[in-house]
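Take this structure, written in structure tokens, and hold onto it; I'll ask about it next.
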Amino acid sequence: MLTFPKKFKESLDDFNKFSANLRRGVENLSTLDEIQVGKTEKELVFQDGKRKLYRYKQRAAKVSPVPMLVVYAMVNRYTMLDLRPNRSLIRNLLDQGQDVYLIDWGYADRMDRFMTMEDYIDGFINDCVDFIREQHQLDAINLLGVCQGGTFSTIYSALYPEKVKNLIPMVTPVDFDNKDSLLNNWATEFDADLLVDAYGNVPGDMMNSAYMMMQPFTLSVQKYVDMVQIMGDVNKLEDFLHMESWIFDSPDQPGETLRKFLKDFYQGNKLVKGEFELGGRKVELKNITMPVLNIYAEFDTLVPPVSAKALLKHIGTNDAEELVYPVGHIGMFVSGKTQKTLAPNIAKWLNARL
């Protein structure tokens with residue numbers, strides 16, 4: 001009777017499992033509809049060119065009287081917050097009775113080459129806040145900013161504190177002078193002027209490639225090998241494909257805005273130094289006197305915790321709290337560790353400050 005070494009048998013079993021998963025995965029792929037992200041129902045309520053303001057349809061019987069404006073980053077798309085019904089911070093906030101508005105920055109083209117940070121913060125964010133205030137007849141609204149959008153929201157709150165009732169930055173870089181992130185180390189050495197002068201708008205695919213190079217094997221090879229292991233489970237396969245759809249939906253970055261972001265923040269760290277100016281006005285973080293809930297990810301490699309936590313050292317409010325989750329940057333929005341508690345925690349904090 002022919003016998004095989006134990007290691008050979010284990011390898012053969014692993015190969016058979018791999019083949020079976022791959023076969024079932026191909027069958028599952030043939031049954032899937034077109035992958036669509038960001039499907040929670042919403043209405044376009046305000047627009048300025050490519051830039052849009054949406055209001056999501058209410059899902060709860062009791063809705064907060066103070067609406068929330070969500071400001072996402074300009075890098076990648078806001079649909080990360082609404083990948084699927086079972087992976088949707090937006091839907092979870094709605095289920096908690098929040099009245100949610102969201103900014104869609106659109107896709108920058110050559111006409112946006114000279115759009116500045118002033119155009120986006122003093123311009124569109126301020127226009128959206130004023131629109132919502134007028135619609136609800138309120139002096140101030142809640143502001144939730146994500147990543148770069150959180151930095152924008154922090155700046156806005158320092159400039160217009162009377163219009164922001166509560167500020168919630170999520171995975172938001174504030175102190176850029178740290179070596180805990182490969183991105184920070186790279187950005188410090190970028191020739192921002194050469195980059196923007198050469199490209200105008202910086203291609204989204206280039207930005208995406210840079211992010212992938214932070215973990216080249218994991219993000220370019222390993223995840224596709226691991227994908228085969230979950231292809232037999234149609235729900236896990238759909239989760240993976242929705243994530244891939246979001247990752248490669250990468251808008252170009254408006255040149256002048258990115259130039260200022262790189263030079264003033266990553267290279268000059270001007271925000272926490274009190275040296276940052278917008279539209280000729282110095283941005284003083286101590287002017288942030290409204291309540292602040294600072295949310296960050298413990299294992300974030302894009303926005304290290306030390307960068308996000310620095311905010312509370314510089315603001316002027318006496319009502320500031322931190323909320324940390326044991327996830328990475330993207331895991332904050334899609335991980336099972338956050339889905340059940342993140343939105344309820346945000347809603348509970350806001351409801352205590354109506």
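Considering Gln267, Gln253, which residue is over 29 Å from Met68 (Cα atoms), surrounded by 14 or more Cβ atoms within 10 Å (Cβ to Cβ) and modelled with pLDDT of 90 or more?
Working: Gln253 fails: over 29 Å from Met68 (Cα atoms).
Of Gln267, Gln253, the one residue that is over 29 Å from Met68 (Cα atoms), surrounded by 14 or more Cβ atoms within 10 Å (Cβ to Cβ) and modelled with pLDDT of 90 or more is Gln267.
Sticking with this one: So, in region 309-330, of the ones that are among the small types (Gly, Ala, Ser) and assigned to a loop (DSSP other than H, G, I, E, B), which residue ends up nearest to Val146 (Cα to Cα)? Walk me through it before giving the result.
To start, the set of residues in region 309-330 that are among the small types (Gly, Ala, Ser) comprises 310, 316, 320, 328.
Now restrict to residues that are assigned to a loop (DSSP other than H, G, I, E, B): 310, 316, 328.
Details: Ala310: 16, Gly316: 21, Gly328: 14 Å.
It comes out as Gly328.
All but one of (1) out of contact with any strand residue (DSSP E or B) (no Cβ under 7 Å at 6 or more places or on another chain); (2) at pLDDT 95 or above hold for Met80; which doesn't?
(2)
Then there is this: What about Ala192, is it more than 17 Å from the chain's Cα centre (by Cα), of a type outside the set (Asp, Glu) and more than 22 Å from Val71 (Cα to Cα)?
Details: more than 17 Å from the chain's Cα centre (by Cα): yes; of a type outside the set (Asp, Glu): yes; more than 22 Å from Val71 (Cα to Cα): yes.
Judged against the criteria, Ala192 is a match.
Taking region 333-352 only, how many residues are under 15 Å from Leu293 (Cα atoms) and touching a residue at least 12 places away in the same chain (Cβ under 8 Å)?
Number satisfying all stated conditions: 9.
Okay, next question. Scan region 195-230 for residues that are closer than 23 Å to Asp109 by Cβ, surrounded by 15 or more Cβ atoms within 10 Å (Cβ to Cβ) and over 21 Å from the mean Cα position of the chain (by Cα) and jot them down.
Leu195, Val196, Tyr199, Gly200
Any residue in region 123-140 that's part of a loop (DSSP other than H, G, I, E, B): show its pairings with residues that are not aromatic (Phe, Trp, Tyr) at Cβ separation under 6 Å, as long as the two are six or more apart or on different chains.
If the second residue must be not aromatic (Phe, Trp, Tyr), the pairs left are Ala140/Lys163; Ala140/Val164; Ala140/Lys165.
Which fully enclosed helices (runs of 4 or more DSSP H) of region 172-283 have 1 or more residues being charged (D, E, K, R), touching a helix residue (DSSP H, G or I) at 6+ places or on another chain (Cβ under 6 Å) and under 30 Å from Lys17 (Cβ atoms)?
Numbers: elements: 182-189, 192-199, 204-213, 223-230, 234-247, 255-260, 270-273.
Where helices (runs of 4 or more DSSP H) fall fully within region 172-283 and carry at least 1 residues being charged (D, E, K, R), touching a helix residue (DSSP H, G or I) at 6+ places or on another chain (Cβ under 6 Å) and under 30 Å from Lys17 (Cβ atoms), they are 234-247.
The values are calculated or read from the model by the stated rules, or taken from the named source; none is laboratory data. Model, not experiment: these values are computed from the prediction. Cβ sites come from the backbone with ideal geometry, for glycine too, and all protein chains shown count toward neighbours.
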